[in-house]
Each structure stands twice: as structure tokens, then as C-alpha cells.
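Below is one structure; the comments refer to it alone.
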Amino acid sequence: MEDLDIKQLEFDFQNVQATIVAESRDELRLQLGEFAGPLDLLLYLIRREQANIFDIPIARITDKYLEYVRLMEKLDISVAGDFLVMAATLIEIKSRMLLPQEPSVDGEEDSDDPRKELVDQLLEHQKFKMAAESLWSRATVEQAVFTRGAIETDDNNPEISATVFDLFESFQKIMDRHRDEIEMEIKRDEMSLADMLRTMRLRLKTEKELNLSAVFAEMHSKRELILAFIAILEIVRTESVKLFQSQIFGEIILRLADTEAAS
Amino acid sequence: MAAIEALIFVSDEPLPVRVLVRILNEDKDSIETALEQLSVDYEERESGLQIRQIGGGWQMSTKTEFHEEVREFLKTKPSAKLSLASLETLAVIAYKQPVTVPEILEIRGVQSASSIKTLLDKRLIISRGRKDTVGKPMQYGTSRDFLIQFGLKDLSELPSIEDFEDLVQ
Amino acid sequence: MAAIEALIFVSDEPLPVRVLVRILNEDKDSIETALEQLSVDYEERESGLQIRQIGGGWQMSTKTEFHEEVREFLKTKPSAKLSLASLETLAVIAYKQPVTVPEILEIRGVQSASSIKTLLDKRLIISRGRKDTVGKPMQYGTSRDFLIQFGLKDLSELPSIEDFEDLVQ
């Protein structure tokens with residue numbers, strides 16, 4: 001089993017599309033990931049061992065099952081908790097089977113069988129697997145049926161029908177949005193007017209001129225925007241710069257005065 | 001009957017009988033008779049369409065035999081099917097509803113959280129209130145969309161779970 | 001002819017003959033003959049629908065004589081449907097009630113006046129008296145209709161973060 005092509009077995013173990021097949025040993029390796037859960041694996045093993053589901057050879061099946069769980073671990077597939085729970089159940093049943101049978105009361109023999117609960121679960125599970133299959137074939141038929149194209153009146157109803165979960169998700173989204181804003185608030189509190197003034201002076205020095213609407217657009221919050229505005233006013237007041245606008249409602253440019261003279 | 005046909009056509013969802021009763025101001029029985037007749041008419045004349053009962057209402061749709069032409073025209077592919085895990089979870093919910101997450105776990109033997117999320121996203125299941133036990137877990141049931149997508153008139157059309165018992169070895 | 005009927009039915013727009021020629025792989029003449037025949041068929045049987053040539057293609061629509069019923073139907077469509085904006089507003093009100101308009105604004109970051117009006121009109125929310133702060137703003141909460149329409153026994157049945165944590169991950 002060591003020479004397995006590990007790549008083929010890298011899959012999302014919980015979400016695999018699955019049919020349980022494969023009788024040959026080679027094929028089995030490829031199908032390993034297709035067990036949707038521990039009950040599927042167990043059913044597979046029972047079938048492969050040609051055992052009777054009503055009389056499961058628990059020791060043999062437990063050994064095989066553990067072998068698979070170990071294999072999964074070896075292949076670095078994170079073994080889901082459900083598989084481990086089942087392993088524990090199997091081991092427990094196995095140990096109880098080893099205990100001497102208590103003398104059974106007439107007509108109640110079955111209920112003493114430590115395997116009974118598991119067998120019931122397996123049978124129940126199998127029923128639902130079949131139900132799932134029948135749903136699947138129904139859905140396939142339905143996919144061949146089409147409803148009419150949109151007609152004019154449909155455009156008047158661009159609404160969605162909502163469930164409580166939609167309601168909840170809407171609320172979650174709003175809260176997430178809110179949380180982002182709060183985080184930004186904290187960040188922006190760290191910026192002082194002095195910081196902003198320093199940043200602006202530096203930018204003006206290196207870029208020679210600043211397009212004010214572009215500068216304001218870069219601000220992440222109202223507070224930063226106000227700081228930027230005050231900083232610009234301060235620069236205009238204290239340094240030799242020129243503010244000009246080439247046309248009414250046009251962009252306002254802040255330019256270092258000596259650069260303008262030079263150009 | 002012609003008015004019924006017009007209304008079924010206009011409705012973008014399966015049209016419940018009670019809506020027809022209200023709009024046309026006729027009694028339930030005669031509307032139901034007319035609906036049955038309409039459905040038979042479509043079946044009998046060699047139409048490309050059918051009128052049938054689905055998801056608690058009546059709907060007009062194409063017949064399955066033209067799916068190739070329609071698909072060619074709409075350039076659609078059969079949409080992504082549900083994973084086996086989701087399908088199994090859906091089966092458990094369909095037959096055991098209303099059912100809680102722990103109850104689903106017990107039957108499937110696997111945590112089904114991601115499947116339930118998928119089914120909720122696809123609107124195939126809906127919440128059905130809380131169960132009055134420890135922890136008040138949320139209960140789930142199938143939606144009307146489930147009936148429509150699986151071509152069911154109502155839940156009673158699901159084959160009974162006992163029918164599958166015979167098939168189990 | 002049945003395939004033509006199916007294709008006209010699923011098409012969003014009047015269906016041009018050349019498209020039918022391409023999909024069905026038949027010659028233009030026989031398709032046009034079939035279309036004429038189909039149109040006459042719908043006219044002759046007492047259908048609520050018609051198939052006619054319009055805007056360079058063929059289209060299925062309701063016959064004009066049923067306009068009243070159709071309009072009546074469209075008017076009385078179930079109103080449990082909400083726009084996304086209204087849904088968001090409703091979510092805030094449901095989870096934060098009683099809540100004022102300025103508080104909703106703060107949470108949603110958007111003016112919600114028209115949504116609130118919609119929700120009041122649909123009787124999903126009701127006013128819950130005034131809050132004792134500056135301006136005495138009106139407070140809103142969800143109504144009994146809200147519980148009914150969303151299938152809730154009471155507000156404690158609203159999904160909580162915990163319900164979702166089970167599902168996500």
C-alpha cells in the first residue's frame with residue numbers, strides 16, 4: 001500500500017461525489033476518498049468481505065476498518081472525527097462480543113446482541129442512501145423540463161422571496177460591514193494632524209504638485225479627509241505654494257511656488 | 001378554461017388553485033376539473049408543452065422529450081448536481097422533517113453542517129422553528145423549491161421510505 | 001411542430017425563424033408553414049394563449065381578452081417578497097428591536113426611509129412608541145405578521161449566531 005499515488009487521494013473528504021463501487025484491490029485505492037462517511041466505509045467493507053449485514057464478523061470488520069483509518073492518516077487525509085467515533089464504537093462492540101454471553105431471556109436474544117444498534121443504524125442509513133438515489137434520478141428527469149422565458153410582467157417584480165436565514169445573513173453582512181468600519185476608525189485615530197501635515201509636506205516636496213480631489217479621494221475616512229483639508233490649508237498659509245484651478249469646477253492643483261517659477 | 005391557461009402562463013411560479021378561485025371567482029371544484037381537463041388536452045394534442053401539478057400549484061413547462069432542442073437553444077448545460085453528501089442529507093430531511101442537525105448526524109453518521117449550508121443556500125430546505133428539547137436546536141424541512149426541482153406535487157408523492165427497505169439486502 | 005412550440009415558450013424574446021431553422025435543422029419553408037399552423041391551432045381551440053409574429057419573431061402571449069384577469073392576478077401577487085434593501089432593514093429591525101430610524105441608519109450606513117415605508121405597508125413592522133432621547137424618534141419592531149410570514153413561533157426562534165456557527169466552518 002506504500003506505493004499509492006498520494007496525489008490521487010487529495011480530495012475534500014467531506015464533500016466528495018461518491019458511488020461506492022470497486023471490487024478489485026487497485027480500484028479500491030482510487031475509490032477510498034469516495035466514502036461519504038464511516039457508515040459508508042463500513043457498508044463497503046461488509047460487502048467486500050461478503051459478510052452478512054445481520055451477522056457482522058465484528059473482529060474482522062473492525063480490523064479492516066482500522067486499517068483504512070490508519071491508511072487515511074498515513075496519506076495525510078485528515079481523518080474526520082466521525083470516522084474515529086465509529087472506530088471507537090467498533091472496538092467497544094468487539095470487546096463486548098468477547099464477554100461471555102449472559103443467559104438470554106426467551107424471545108429477547110436479539111436485543112442482547114451488542115451489534116444490534118449498529119446494524120439498525122446501517123440498515124437505516126442504507127434506506128436513506130437509496131432514497132437519495134431515487135431523488136437524484138427524479139432531479140435528473142426534472143432537468144429536462146423547462147419553464148417559460150421571461151415575459152414583460154416579470155420585470156415588474158424584481159423581488160426575492162426571503163426566509164429567516166436570509167434575514168440572518170443580511171444582518172450578518174451589515175454587522176461585518178460595521179466591524180470593518182470600526183476597525184478603520186481605530187486605525188485612523190492613530191493619525192494626528194501633525195502626521196497628516198508631515199505627509200502632505202513630504203508629498204508636495206517630492207511630487208511638486210498635488211491634485212487636491214485626487215488627494216482627498218485617497219482618504220479612507222471622514223476624519224482623514226478633514227485632517228487632509230486642514231493640512232492643505234495650513235500649507236497654503238505657511239508655505240510658498242499656489243492653489244489654482246484651470247476652469248470653473250475644474251481640478252484644484254496645489255503647486256510649489258518655486259516650481260512654477262522654474263517651469 | 002382559457003382564462004386559467006392564461007393565468008398559469010403568466011405566473012412565474014406554480015399557481016395554487018386558491019389563487020385561481022379568488023381571481024376567477026369560481027368554485028374550487030369546477031376550477032380543479034378544468035385544470036385536469038386542460039392538462040389532458042395538452043397531453044392529447046401533440047404539444048411541446050405540458051401543464052401539471054407541482055410544488056402545490058399548477059405550472060406550464062416543456063415536455064422532457066424536447067430537452068435537447070431547448071438546451072441547444074438556451075445554451076444551457078444540466079446544472080451542477082448536488083454532491084452525494086448533500087443529496088443524502090436532503091433525503092434524510094425530506095423523509096424525517098422536521099428534523100434537527102443532531103438527528104441528521106445520527107442517521108448519516110457524519111457531520112452534515114456543510115451539506116445543510118449548501119441546501120439552505122440552494123433554498124431546497126428551510127428552517128422550521130426550534131425543537132423543544134435541550135439546546136432548542138433548529139429544525140429543518142424541505143421547501144417549495146425542493147418540490148419544484150424534484151418534480152413533486154407535494155411531499156406525499158415521495159416514495160415511502162419503507163419501499164426502500166425491501167431493496168436493502 | 002411540438003418542438004417549435006417548446007422553443008417559442010422558453011424564449012425570452014420573439015423567436016426569429018432563422019434560429020428555429022438552425023436548432024431544428026429543417027428548411028425555412030416547412031418551419032414557416034408549421035408556425036402558421038401552430039398559430040391557427042391556438043386561435044381555433046379556445047386557448048387563453050396566442051402565438052403570433054411580432055418584432056421579427058414568433059412569440060407566445062396571453063390573448064387580449066384575458067387582460068383583466070391577468071392584471072388582477074399580477075396585482076394580488078403574494079407580497080411576502082422583499083427587495084434586498086428592505087430585507088436588510090427588516091433584518092436590523094428584527095434583531096435590534098425596538099430601534100429608531102437614526103439607529104437603523106447608523107447600522108446600515110444607508111438611509112432606509114423607503115424600506116421602512118415598504119415594511120410598514122406590508123405590515124411586517126409596527127411602530128413601538130417614541131424613544132426618550134433628543135427629538136423623541138419613533139421606534140420600530142416586528143409585527144405578528146412578520147412572525148407568521150417567516151414561520152416563527154416567536155422572536156426567540158430567529159436564527160442566532162450559534163445556529164450558524166454550527167453550519168459554517
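Just so it is clear, none of the values below were taken in a lab; they were calculated from the coordinates. Bear in mind that the values here come from a model prediction, so they are computed numbers and not experimental data. Neighbour counts run over all protein chains shown; Cβ positions are idealised from the backbone, glycine included.
Given a cut-off of under 8 Å on Cα pairs at least six residues apart, what relative contact order in percent is computed for region B:1-98?
On the way: 67 pairs, mean separation 23.2, N = 98.
Here the relative contact order equals 24 percent.
What GluC sites (Glu not before Pro) does region B:1-65 have in DSSP loop regions with at most 16 other beta carbons within 10 Å? Don't jump to the answer; show the numbers that get you there.
Working: sites: B:E5, B:E26, B:E32, B:E36, B:E43, B:E44, B:E46, B:E65; in loops: B:E26, B:E46.
For GluC sites (Glu not before Pro) across region B:1-65 that sit outside H, G, I, E and B with at most 16 neighbouring Cβ atoms in 10 Å, the list reads B:E26, B:E46.
Taking the centroid of alpha carbons for each part, region B:129-168 and region B:30-77 are 26 Å apart.
Along region B:12-18 the Karplus relation, 6.51 cos²θ - 1.76 cosθ + 1.60 evaluated at θ = phi - 60°, assigns HN-Hα couplings of 8, 9, x, 9, x, 4, 4 Hz to successive residues, with x for each Gly and Pro. Pairs of alpha carbons in region B:2-73 separated by more than 16 Å make up 48% of all such pairs.
Going by C-beta contacts inside 10 Å, put A:L39, A:L197 in order with the fewest on the left.
Ranked by crowding around the Cβ, least crowded first: A:L197, A:L39.
Model label points for A:E207 and A:K116, set 7 angstrom from Cα along the Cα-to-Cβ axis, are 8.1 nm apart.
For the pair B:D163 and B:R18, label points projected 7 Å from Cα toward Cβ lie 2.8 nm apart.
In the structure shown, do any of A:K127/B:K96; B:K77/B:K117; A:K129/B:K153; A:K94/A:K116; A:K64/A:K127 have a Cα-Cα gap over 18 Å, and if so which?
Numbers: A:K127/B:K96 12 Å; B:K77/B:K117 24 Å; A:K129/B:K153 22 Å; A:K94/A:K116 12 Å; A:K64/A:K127 24 Å.
Beyond 18 Å: B:K77/B:K117; A:K129/B:K153; A:K64/A:K127.
Here the dipole of region C:2-73 is about 300 debye; that uses its Cα centre as origin and unit charges on the Cβ of Lys and Arg (positive) and Asp and Glu (negative). Taking a straight Cα-Cα cut-off under 23 Å and skipping sequence neighbours fewer than 8 places away in the same chain, the lysines within cross-link reach of B:K75 are B:K63, B:K122, C:K28. Neighbouring Cβ atoms from other chains, within 10 Å of the Cβ of residues in B:102-109, number 5 on average. For region C:39-109, trypsin sites (Lys or Arg not before Pro) are listed when DSSP marks them as loop and at most 13 other Cβ atoms sit within 10 Å of their Cβ; the list is C:R45.
3J(HN,Hα) along region C:91-102, derived from phi through the Karplus expression 6.51 cos²θ - 1.76 cosθ + 1.60 where θ = phi - 60°, amounts to 4, 4, 5, 4, 8, 10, 5, x, 9, 9, 4, x Hz, with x in place of Gly and Pro.
Distance between the modelled labels on A:R198 and A:E49, one decimal in nanometres: 7.3 nm (7 Å Cα→Cβ projection).
What is the projected area of the convex hull of the Cα atoms of region C:1-149, averaged over all directions, in nm²? Don't skip to the answer; put the middle values down first.
Details: hull surface 54.5 nm².
Across all orientations, region C:1-149 yields a mean hull projection of 13.6 nm².
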